[in-house]
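The values are calculated or read from the model by the stated rules, or taken from the named source; none is laboratory data. Note that the coordinates shown come from a computational prediction; the quantities given were computed from them, not determined experimentally. As a convention, Cβ positions derive from the backbone with ideal geometry for all residues, glycine included, and neighbour counts pool all protein chains shown.
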Amino acid sequence: MSRRPPSRRALLALVLGAALTTPHALTAPAAASGRYTVTPLTFTVRAGGRTCAVDADLYRPAGVDRDRPAPAVLATNGFGGSKNDGQTDAVGRSFAQRGYVALVYSGLGFGRSGCLISLDDPRVDGAAAARLVDFLGGRRAADDGTTAGFVTLDGPGDPRVGMIGGSYGGAVQLATAAVDHRVDAIVPMITWHDLAYSLAPNNAVGGEDVPGAFKWQWTNGFYLAGESQPLLRPGLDPSRINALDCLHFVTEVCETVRTLNSGRYPADRAKRLLAYARSVSPVSYLDRVKAPTLLVQGQADTLFNLNEATATYRRLKARGTTVKMIWQSAGHSGGLTGPAAGELDLGRGNLETSYVGRRVLAWFDRHLRGRAHADTGPDFAYRRDWITDPDRAYATADRLPEPGRTLHLSGDGTLVGDRAEVARGSRTYTNGLVPTSHSENSLARVVGLPDPAPYDTEGTHLAWTSAPLERALDVVGAPTATLKVVSPEAARAQRSDDAADKLVLFAKLYDVAPDGTRTLVHRLVAPVRVPDVTKSFTVTLPGIVHRYDKGHRLRFVIAASDGAYFGNRGIKPVTVVSAPDDTGVLRLPVAGGRDTGGAVVR
């Protein structure tokens, strides 16, 4: 039976969309600030088969001219924003104050820029950004004839230019660097690696060719944010109108969202869905990215989790591209933010006083200003939210931690360190017709409304709990679990041509305090569409940075459903059997780096 979001889901997503597209005040005409001038510009570009205008602001520091040129920084907005939102225009101010020429623009389909929304497609959004690089390099003028003859050049038409921005404004940097190798350095923040994973994650290793569990709240929220723009921005540029069945996105986006909402993934539709989502994602074009890349990803992020940045990091590293990665606290789902927490806040421009900000400045010092002595930091750094001193909150390491601590799933519901301690036994759960587990409500977390604590209904999940820890355990990275389940109903259903008939389960890891209080770290779960229930399979959980304190217990859970995702079609009871010589295994990556104060992290 086809599944579509009921009306309450549509209404919820519409409210989320409105929250993401709140209009902002327009930029004032060109004016001198004493330290820089701001000049509104328009560029006519050809993108995605359409001709449209790109709305931009040029920030020029005082004293920068043809005889005293400066490197440039290019930036655009996150989804639903524009060049005028608090984060994006702050990039222009912050870098102009520090002597960079800054060009900040509204992405295609947002603000006053034209063309359709195409999800940072390198063939469209990347190509449009390359035309702005042409301007910075002196190859073209703005529509009013303004030229930029005051940007440092590496050669004729080749400006010294970097990019920075978050989320939608993060992926466009990778897209631009893939199509224009004049880009010298990028800082993509809290963005995606593979939209197929972001929107319908399947955390089963080897299950990449099957759509996972549809993340309906986030996806429909952003989709309706784009489609509802006439309600918020009347009189849109005609280049932003597609057709009645797909108003402001390219057609392939609407087809993808409709397929996801249908809850049905027959082989041909699943193939098209995955192919399109990946064609506009870094996963498909990272081999063409040569620009030194500083990845910044948020730990509190159920939209684009740490695994996305990790995948990008590993791919770039393998290709020999200069790349480093920082896991900050803040992401799309909250986390520690702002100067008080010692975290970067681009809206306030606290670059020099935050760890991430100093790393960004050093990155641009090295790669844009050519300061070879600039220390760009270690390959990997991560924020520890249990450290209250902001100056010591970040730990560093030369490489990513790998799963090393092994626990076994015992038949009596315990997690044990020695396989010989595994008790024989089997336990069963089943799913219902409606979700019986809760991790988050994306709308509530975006707009600051209360969100019930995570829960799992009895009989619809299985849990394995460790003994109280004898000492604190710092988990840094993505845990993995190898499982074997028994489900005759799922075995029969998976013979269908429709991938949606395969078994879905949700793996997660709780921290249980001595008083019984449970914490699902950043409300992260691992949706899994099991490739084949007759065989064992491995699950990669979302990456975390979390200290399990002394006396606390780890609890590993597999649940039948989650309210933030589409789950199983039909009732599929699941049994897990354990024996000393055949049982599931949980592996944890345990920290072993250096903190910013020089002490060893244990």
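General remarks:
- Condition check for ASP549 on (1) modelled with pLDDT of 95 or more; (2) closer than 24 Å to PRO266 by Cβ; (3) not hydroxyl-bearing (Ser, Thr, Tyr): one failure, at (2).
- Selection within the stretch 145-165 - touching a Leu at 6+ places or on another chain (Cβ under 8 Å) and farther than 17 Å from TYR59 by Cβ: none
- Looking only at residues in the stretch 368-400 that are closer than 18 Å to ASP474 by Cβ and among the aliphatic types (A, V, I, L, M), the one that is surrounded by the most Cβ atoms within 10 Å (Cβ to Cβ) is ALA395.
- Considering each residue of the stretch 481-493 in turn, at least one proves to be under 30 Å from ALA381 (Cα atoms) and either at pLDDT 95 or above or in contact with a helix residue (DSSP H, G or I) (Cβ under 7 Å, 6 or more places away or on another chain) (or both).
- For the stretch 62-82, filtered to residues that are more than 16 Å from THR37 (Cβ to Cβ) and either hydroxyl-bearing (Ser, Thr, Tyr) or not in a loop (DSSP other than H, G, I, E, B) (or both), the residue that is modelled with the lowest pLDDT is SER82.
- For the stretch 373-394, the set of residues classified as touching a Lys or Arg at 6+ places or on another chain (Cβ under 7 Å), of a type outside the set (Ser, Thr, Tyr) and closer than 22 Å to THR152 by Cα consists of ALA374 only.
- Selection within the stretch 258-273 - crowded, with 22+ Cβ neighbours inside 10 Å and not in a loop (DSSP other than H, G, I, E, B): LEU260, LEU273
- All of (1) buried (at least 24 other Cβ atoms within 10 Å of the Cβ); (2) in contact (Cβ under 8 Å) with a residue 40 or more places away in the chain; (3) more than 15 Å from THR376 (Cα to Cα) hold for ALA311 with one exception: (1).
- The residue that is farthest from VAL585 (Cα to Cα), among those in the stretch 401-418 that are surrounded by 14 or more Cβ atoms within 10 Å (Cβ to Cβ) and at pLDDT below 95, is PRO401.
- Considering ASP345, ASP301, the condition of being among the acidic types (Asp, Glu), at pLDDT below 95 and under 19 Å from the mean Cα position of the chain (by Cα) is satisfied by ASP345 alone.
- Which numbered condition ASP85 fails, given (1) of a type outside the set (Val, Ile, Thr); (2) in contact with a Phe, Trp or Tyr (Cβ under 8 Å, 6 or more places away or on another chain); (3) part of a loop (DSSP other than H, G, I, E, B); (4) closer than 27 Å to GLU227 by Cβ: (2)
Rundown of residues vs (1) hydrophobic (A, V, I, L, M, F, W, C); (2) in contact with a Lys or Arg (Cβ under 9 Å, 6 or more places away or on another chain); (3) crowded, with 16+ Cβ neighbours inside 10 Å; (4) not assigned by TED's automatic domain parsing to the domain that holds PHE556, yes/no style:
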{"residue": "LEU433", "(1), (2), (3), (4)": "yes, no, no, no"}
{"residue": "SER442", "(1), (2), (3), (4)": "no, yes, yes, no"}
{"residue": "PRO450", "(1), (2), (3), (4)": "no, no, no, no"}
{"residue": "LEU469", "(1), (2), (3), (4)": "yes, yes, no, no"}
{"residue": "GLY477", "(1), (2), (3), (4)": "no, no, yes, no"}
{"residue": "LEU483", "(1), (2), (3), (4)": "yes, no, yes, no"}
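- Residue check, VAL187 farther than 30 Å from ALA72 by Cβ, crowded, with 19+ Cβ neighbours inside 10 Å and touching a Ser or Thr at 6+ places or on another chain (Cβ under 9 Å): no
- Of all residues in the stretch 203-256 being β-branched (Val, Ile, Thr) and over 26 Å from ASP532 (Cα atoms), the one that is surrounded by the fewest Cβ atoms within 10 Å (Cβ to Cβ): THR251
Yes/no matrix, rows are residues, columns are (1) on the phi > 0 side of the Ramachandran plot; (2) under 24 Å from the mean Cα position of the chain (by Cα); (3) free of Cβ contacts under 8 Å to residues at least 24 places away in the same chain; (4) not assigned by TED's automatic domain parsing to the domain that holds ARG112:
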residue	(1), (2), (3), (4)
LEU244	no, no, yes, yes
GLU255	no, yes, yes, yes
GLY263	yes, yes, no, yes
PRO266	no, no, no, yes
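- In this entry, ARG288 passes the filter for residues that are modelled with pLDDT of 95 or more, farther than 29 Å from PRO454 by Cβ and among the charged types (D, E, K, R).
- For the stretch 581-602, the set of residues classified as part of a strand (DSSP E or B), at pLDDT 65 or above and β-branched (Val, Ile, Thr) consists of VAL585, VAL590, listed by residue number.
- Considering VAL289, VAL257, the condition of being of a type in the set (Val, Ile, Thr) and within 30 Å of ARG319 (Cβ to Cβ) is satisfied by VAL289 alone.
- Exclusive hit being surrounded by fewer than 23 Cβ atoms within 10 Å (Cβ to Cβ) and either small (Gly, Ala, Ser) or not in a helix (DSSP H, G or I) (or both), set ALA318, ALA291, ALA330: ALA318
- Output for the stretch 369-392, where each listed residue is in a loop (DSSP other than H, G, I, E, B) and over 21 Å from TYR313 (Cβ atoms): ARG369, GLY370, ARG371, ALA372, HIS373, ASP385, TRP386, ILE387, THR388, ASP389
- Positions within the stretch 89-117 being small (Gly, Ala, Ser) and part of a helix (DSSP H, G or I), in sequence order: ALA90, GLY92, SER94, ALA96
- Residue list for the stretch 348-361, restricted to those being modelled with pLDDT of 90 or more and either more than 17 Å from GLN297 (Cβ to Cβ) or not in a loop (DSSP other than H, G, I, E, B) (or both): ASN350, LEU351, GLU352, THR353, TYR355, VAL356, GLY357, ARG358, ARG359, VAL360, LEU361
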